[in-house]
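To start, the structure itself, in structure tokens.
The values are calculated or read from the model by the stated rules, or taken from the named source; none is laboratory data. Just so it is clear, the structure is predicted and the values come from calculations on it, not from any experiment. All Cβ positions, glycine included, derive from the backbone under ideal geometry; neighbour counts span all protein chains shown. Only protein heavy atoms, including side chains, enter the accessible area calculation; ligands, DNA and RNA are left aside. Shrake-Rupley method; radii C 1.70, N 1.55, O 1.52, S 1.80 Å.
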Amino acid sequence: MHRHALACEHGVCGACTILLDGRPVRSCITLAGQASGSAVRTVEGFDDDAAMTIIRQAFHEAHGLQCGYCTPGMLVTVRDILKRGKAADQPEIRRELSGNICRCTGYMGIVEAVELARDRLKQVGLAPD
Amino acid sequence: MKPAPFDYVRAESVEAAIGLVDGHSGFAKFIAGGQSLGPMLNLRITQPDLLVDISHVDALTAVDAGGEALVLGGGTLHADVEDGIVPDVANGMLQYVAAGISYRAVRNRGTLGGSLAHADPAADWPVTMMALGAEIDVRGIGGKRTIAAVDLIDGPLMTCLTDDEIVEQVRVPKLSKAATWGYHKLCRKVGEFGHSLAAVVIDRDRGYARAVLGCATTPPMVLVHTSGVLVDGGGGDLGAAIEQDLGASEFPFDDYELQVHRTLVQRAGRDALA
């Protein structure tokens, strides 16, 4: 694992968010021993995931990253938000993303990327209407 | 940043977990979701030499809505309450409160029992369970006992639980159809611990009303006079009752805190009376 970001290390910033049995969790406060027997998926494990391909393209087009440090956690979180249909408008996107900090403060681009990804995922039936 | 060295054991049952902690001569802690303990370990605020993992004990995630009260296993995840997987017997209050706890990634791991046992006075579940009049069934080496939610917390991060006791289940009384509630939390940032939390439940069919205040500096408080006015339909002087309750705090509030707490209790009361 190379791209799974080690950042605040006490559950505040969201950069290390991964999927544990399909649900986003903060890896810095999840013991490896506790995860034994569970499916762990980091940002590197989505190359065959159609939704993630669309989300990455949206982040690219809408300038959803600057330094890129928060991006692994942002992508994993955003995919979950969109799959659960929790991105109706900008206030909801900002509320759902509040556990992921971007210290470059690139939130305008990130929120725009989420909206773009949401619309495209809906078109292909990968996110609820 | 990493924790001081510790041993880790996964327990397969509540009894086994209690036995492991009781039989340990050093400092042992139970760990469930670890969403409060994890940061404290990483910051070395606490340094147990044994962690007994209870997050894989199936019996702790059992839910039973068949009786007079909803019985929630101590290992119930906040996200499962948020998503309505657990029946909401409090007219939407449980789901509303769960959705406002920290962030989704934390709600996917954090547990009801863990939140109660950790006893952060500004956390959502202690205040909510006190307002709902819930009871907590715990088990330790000495057997089982039941603690009223209002009696659980002695002070910030301090409970009446002994080191070998686990929150097995929480019994939440079912509200009447006409029962109402109000819940207000002041956070400067979404998902952080509240600077002030006010929960109000009014269930006139049962002659029940309770207002509870949570904040960082004192154990959560049942607001006795406020509850008295609310049970009578709010016809009395709610403002004066709130003033009287806040003035009786063992840990006096400064002017700013008073203003914030007063406002939030009023808002929660108003929502529940509407």
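A Förster radius of 25 Å combined with the Cβ-Cβ distance from A:Arg94 to B:Ile85 puts the calculated FRET efficiency at roughly 0.45. Distance between the pseudo-spin-label points of B:Ala62 and A:Thr105 (7 Å out from Cα toward the beta carbon): 5.3 nm.
At 222 nm, what helix-only mean residue ellipticity would chain B give, in deg cm²/dmol to the nearest 500, using -39500 (n - 2.57) for each DSSP H run of four or more?
Details: 11 runs with 88 residues, N = 274.
Helix contribution divided over all residues of chain B: -8500 deg cm²/dmol.
Evaluated with a Cβ-only charge set (Lys, Arg +1; Asp, Glu -1), chain A carries a dipole of roughly 220 debye about its Cα centre, given to the nearest 20. Inter-chain Cβ neighbour count for B:129-141, averaged per residue, equals 0 (cutoff 10 Å, partner chain atoms only). The simple spin-label model puts a point 7 Å past each Cα toward its Cβ; for A:Ala32 and B:Asp154 those points are separated by 3.8 nm. Rolling a 1.4 Å probe over the protein heavy atoms leaves A:Lys83 with an accessible area of roughly 90 Å².
For segment A:39-129, compute Rg over Rh where Rg is the Cα radius of gyration and Rh is the Kirkwood radius from the inverse mean 1/r over Cα pairs. Please list the in-between numbers first.
Numbers: Rg = 11.9 Å, Rh = 12.9 Å.
Taking Rg over the Kirkwood Rh, I get 0.92.
Placing pseudo-labels 7 Å out from each Cα toward the beta carbon at B:Ser176 and B:Met1 gives an inter-label distance of 4.9 nm. Treating each Cα of segment B:44-136 as one equal point scatterer and applying the Debye formula with no solvent, the log10 of I(q)/I(0) at q = 0.24 Å⁻¹ comes out as -1.44.
So if I place +1 on the C-beta of Lys and Arg and -1 on the C-beta of Asp and Glu, and nothing else carries charge, what would the dipole magnitude of segment B:32-90 be about its Cα centre? I want it in debye, nearest 20.
Details: 1 positive and 9 negative charges, 71 e Å.
Once rounded to the nearest 20, the dipole reads 340 debye.
Per the accessible-area calculation with a 1.4 Å probe, the total area buried between chain B and chain A rounds to 2000 Å². Solvent-accessible area assigned to carbon and sulfur over the protein assembly as shown amounts to 52 percent, based on a 1.4 Å probe.
Restricting to DSSP loop positions (anything but H, G, I, E, B) with no more than 12 other Cβ atoms inside 10 Å of their own Cβ, which GluC sites (Glu not before Pro) remain in segment B:60-143?
The qualifying sites are B:Glu68.
List the relative contact order of segment B:104-237 as a percent without decimals, with contacts defined as Cα pairs under 8 Å and 6+ residues apart. Rounded, it is 24 percent for segment B:104-237. Show me the trypsin sites (Lys or Arg not before Pro) within segment B:35-127 that DSSP assigns to loop and that have at most 16 other Cβ atoms within 10 Å of their Cβ. Here the sparse-neighbourhood loop sites are B:Arg44. What accessible area, in Å² to the nearest ten, does a 1.4 Å probe give for B:Ile147? Here the accessible area works out near 10 Å².
What is the percent of Cα-Cα separations in segment B:131-229 that go past 22 Å? Working shown, then result.
Numbers: 1958 of 4851 pairs.
Everything past 22 Å amounts to 40 percent.
Shown are B:Val63, B:Val71, whose ranking by accessible area with a 1.4 Å probe and every protein chain present, most to least, is B:Val63, B:Val71.
Restricting to Cα pairs below 8 Å that are 6+ residues apart, what does the relative contact order work out to for chain B? Please round to a whole percent.
15
Ligands, DNA and RNA are left out, and with a 1.4 angstrom probe the accessible area of the protein assembly as shown is 44 Å² per residue. Backbone N atoms of segment A:86-118 closer than 11 Å to the 7 Å Cα→Cβ label point of A:Gln57 belong to residues A:117. Peptide A:93-106 has a mean of 2 when you count, residue by residue, the C-beta atoms of other protein chains within 10 Å of its C-beta. The base-10 log of I(q)/I(0) for the protein assembly as shown, evaluated at q = 0.11, 0.13 Å⁻¹, reads -0.85, -1.14 [Debye formula, identical scatterers on Cα atoms, solvent excluded]. Hull volume per residue, based on the alpha-carbon atoms of chain B and their convex hull, is 128 Å³. Per-residue surface analysis assigns A:Ile110 an accessible area of about 0 Å², computed on protein heavy atoms at 1.4 Å probe radius.
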